[in-house]
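To keep things clear, I will list the structure first and then write my remarks on it.
Throughout, read-outs are computed from the coordinates displayed, never taken from laboratory work. Being a predicted model, the structure only gives us computed values, none of them experimental. Virtual Cβ from ideal backbone geometry, glycine too; neighbours counted across all protein chains shown.
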Ligand SMILES: Nc1ncnc2c1ncn2[C@@H]1O[C@H](COP(=O)(O)OP(=O)(O)OP(=O)(O)O)[C@@H](O)[C@H]1O
Ligand SMILES: [Mg+2]
């Protein structure tokens, strides 16, 4: 039987298992494909994948397998543009601004000296983020010139992407952020991620609690999702004391285990319903 939906993965997390289970319940024919075992002959007509839900954890595998499949005419959720745009915090920043979505003020500097000069002019604290990355990795709060010099100098020895110094204002906010899961033009569920650490990521020990979705939040998330051309995304927001809600990230291959757990919304089923209806 031809698959209705292909889950393309490189490691099976709770999210991928839940999609498979939801498919069985809904009688949707799901094919699980391990991207690590995949070799695509780009000159041949592709096999029948149905709609592909891209779930690879590896940024490069995710982006390149999407590029190949989409180029061969396969519908992939999310599309290549979303992988490129949402996968990079600078690209996202520019698109959010263009779409009128409030986002933390940021500066990008292309050398250590330029970054230090910008910090000295604009002041501390600031947050430095790799433009590509997740789970809070290599994100640092820079409190003064001494720490700036140490952090930026070490980045200058890393892979070139870490030498793009993306600096954000440190947003004053309650000790939490918001993760809103969007399926199409709707927030299907949202959580607060609370933490004593300034980085509230679940991967770093944050605690999830349900978050009531307001109309303002939903309108902002729809714009953010459209800005990166996404279908199914996780929008991260903060409640800035000065600016109100700001979007600081759109996640292309979002995790939703904790959102399902605390909100009791069947996100995998909603994702499959969406994939079954989407234009191929
Ligand atoms: N400008 C900021 N001011 C204050 N706190 C911030 C700022 N940017 C990020 N944070 C905190 O750090 C966390 C990680 O930041 P961000 O979401 O940008 O990175 P990430 O590594 O891509 O995370 P994810 O795991 O959500 O993909 C946020 O959840 C938030 O709690
Ligand atoms: Mg985030």
Task: Burial order of peptide ranges 80-90, 123-133 (average beta-carbon count within 10 Å, highest first) - done: 80-90, 123-133
- [ ] Whole number please: convex hull volume per residue, Cα atoms of the chain, in Å³.
- [x] 134 Å³
Open item on the list: With Kirkwood's inverse mean 1/r over C-alpha pairs for Rh, give me the Rg to Rh ratio of region 115-211, two decimals please.
Closed with: 1.04
TODO: May I ask for the Kirkwood hydrodynamic radius of region 106-169, worked out over all distinct Cα pairs and given in angstroms to one decimal?
DONE: 11.4 Å
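Return a whole-number percent for the relative contact order of the chain, with Cα pairs under 8 Å and 6 or more residues apart as the contact set. Write out the running numbers ahead of the final one.
Working: 540 pairs, mean separation 55.3, N = 280.
Reported as a whole number, the value is 20 percent.
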- [ ] Compare the peptides 222-234, 262-274 by average per-residue count of other Cβ atoms within 10 angstrom and give them in order, highest first.
- [x] 222-234, 262-274
Task: region 211-264 - Rg (one decimal) and Dmax (whole number), Cα, Å - done: 11.7, 32
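As a check on your grasp of the helix formula, calculate [θ] at 222 nm for the chain: sum -39500 (n - 2.57) over DSSP H runs of n ≥ 4, divide by the residue count, round to the nearest 500.
Values: 9 runs with 96 residues, N = 280.
Computed ellipticity for the chain at 222 nm equals -10500 deg cm²/dmol.
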- [ ] Between the alpha-carbon centers of region 209-277 and region 40-61, tell me the distance in whole angstrom.
- [x] 25 Å
Task: Relative contact order for region 198-280, counting Cα pairs under 8 Å that sit 6 or more residues apart, in percent - done: 24 percent
Open item on the list: Suppose we take every Cα in region 14-71 and form the convex hull; what volume per residue is that in Å³?
Closed with: 85 Å³
Open item on the list: Bins of 5 Å, beginning at zero and ending with the bin holding the largest distance: percent of Cα pairs per bin for region 172-277, please.
Closed with: 2, 13, 24, 26, 20, 10, 3, 1, 0
Open item on the list: Just to check, using Stokes-Einstein with a Kirkwood Rh over alpha carbon pairs, what's the diffusion coefficient of region 1-147 at 10 °C and 1.306 mPa s in µm²/s?
Closed with: 88 µm²/s
